[in-house]
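The values are calculated or read from the model by the stated rules, or taken from the named source; none is laboratory data. Just so we're clear, the structure is a prediction, and the values are computed from it rather than from any experiment. In this analysis, Cβ positions are derived from the backbone assuming ideal geometry, glycine residues included, and neighbour counts consider all displayed protein chains. For the accessible areas, the whole protein counts, side chains as well, though only heavy atoms, and no ligand, DNA or RNA atoms are used. Shrake-Rupley method; radii C 1.70, N 1.55, O 1.52, S 1.80 Å.
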Amino acid sequence: IAPATLTVTADNQTMVYGDTNPTFTQTVTGFVNGETAETAGVTGTASGSTAATETSDVGRYVITGSVGTLSAANYTFMKADGSLDVTARPVTVTADATSKTYGDADPDLTYQVAADGVGTSRGLVNGDQLSGSLTRVSGEGVNTYAIEQGTLTNANNSNYAITFAADNNAFSITPR
């Protein structure tokens, strides 16, 4: 009687750009006669690896499966790969409030990138920066004007999902 073959499949995983790789897990399938890993006497551990790191761009990467040290008396093992999807890191950009005196040139529009670490704005990582600049609603009269996202975007592929926190009163022109 020849041993049956079990397939050790690397489970698909997801991680946010800039995070460390998740713990890779595997699923074993193909048991016969109603057996499970426990009743079949499976021992050892399987493993998985990928070339992706916290600096890998958004995209899909192969998780290479391995049967590792798995063994069982009535089974042989074969591996199947999985995938790791690196998703965009969420960041919230907020314009800094600024002003000018009527008739003066506009100052540079600056911003902050919030970094709560794990939630809706995880901050920039890996030395990355955003590119482009903010703009403001046009007008030169004494008033308040909204600052807009303008051309501010990802400088590194699409590794960030930018949310711009608009403030309709962030730029003011004061009387001379």
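Of all residues in region 125-149, exactly one satisfies the criterion of being part of a loop (DSSP other than H, G, I, E, B), touching a residue at least 40 places away in the same chain (Cβ under 8 Å) and closer than 16 Å to residue 96 by Cβ, namely 149.
Looking across region 1-22, the residues that are out of contact with any Pro (no Cβ under 6 Å at 6 or more places or on another chain) and either among the aliphatic types (A, V, I, L, M) or surrounded by 17 or more Cβ atoms within 10 Å (Cβ to Cβ) (or both) come down to 1, 2, 4, 6, 8, 9, 10, 16, 17, 18, 21. Against the definition (of a type in the set (Lys, Arg) and open to solvent by 60 Å² or more (accessible area, probe 1.4 Å)), how does residue 176 come out, yes or no? Here the answer is yes, as residue 176 does meet what is asked.
Against the test of being assigned to a loop (DSSP other than H, G, I, E, B), among the hydrophobic types (A, V, I, L, M, F, W, C) and in contact (Cβ under 8 Å) with a residue 24 or more places away in the chain, the options 32, 8 yield a single qualifying residue, 32. Restricting attention to region 104-123, the residues that are open to solvent by 60 Å² or more (accessible area, probe 1.4 Å) and modelled with pLDDT of 90 or more add up to 7. The set of residues in region 154-171 being within 14 Å of residue 110 (Cα to Cα) and either assigned to a strand (DSSP E or B) or open to solvent by less than 40 Å² (accessible area, probe 1.4 Å) (or both) consists of 164, 165, 167, 170, 171.
For the condition more than 25 Å from the chain's Cα centre (by Cα), hydroxyl-bearing (Ser, Thr, Tyr), in a strand (DSSP E or B) and surrounded by 12 or more Cβ atoms within 10 Å (Cβ to Cβ), residue 99 qualifies.
Output the residues belonging to region 36-56 that are touching a strand residue (DSSP E or B) at 6+ places or on another chain (Cβ under 7 Å) and in a loop (DSSP other than H, G, I, E, B). Of everything in region 36-56, those that are touching a strand residue (DSSP E or B) at 6+ places or on another chain (Cβ under 7 Å) and in a loop (DSSP other than H, G, I, E, B) turn out to be 37, 40, 41, 42, 44, 46, 50, 51, 52, 56. Given the criteria over 30 Å from residue 117 (Cβ atoms), open to solvent by 60 Å² or more (accessible area, probe 1.4 Å) and more than 33 Å from the chain's Cα centre (by Cα), does residue 40 qualify? In short, no.
Going residue by residue through region 71-89, is there one that turns out to be more than 30 Å from residue 121 (Cβ to Cβ), within 22 Å of the chain's Cα centre (by Cα) and part of a loop (DSSP other than H, G, I, E, B)? Yes, some residue in region 71-89 is more than 30 Å from residue 121 (Cβ to Cβ), within 22 Å of the chain's Cα centre (by Cα) and part of a loop (DSSP other than H, G, I, E, B).
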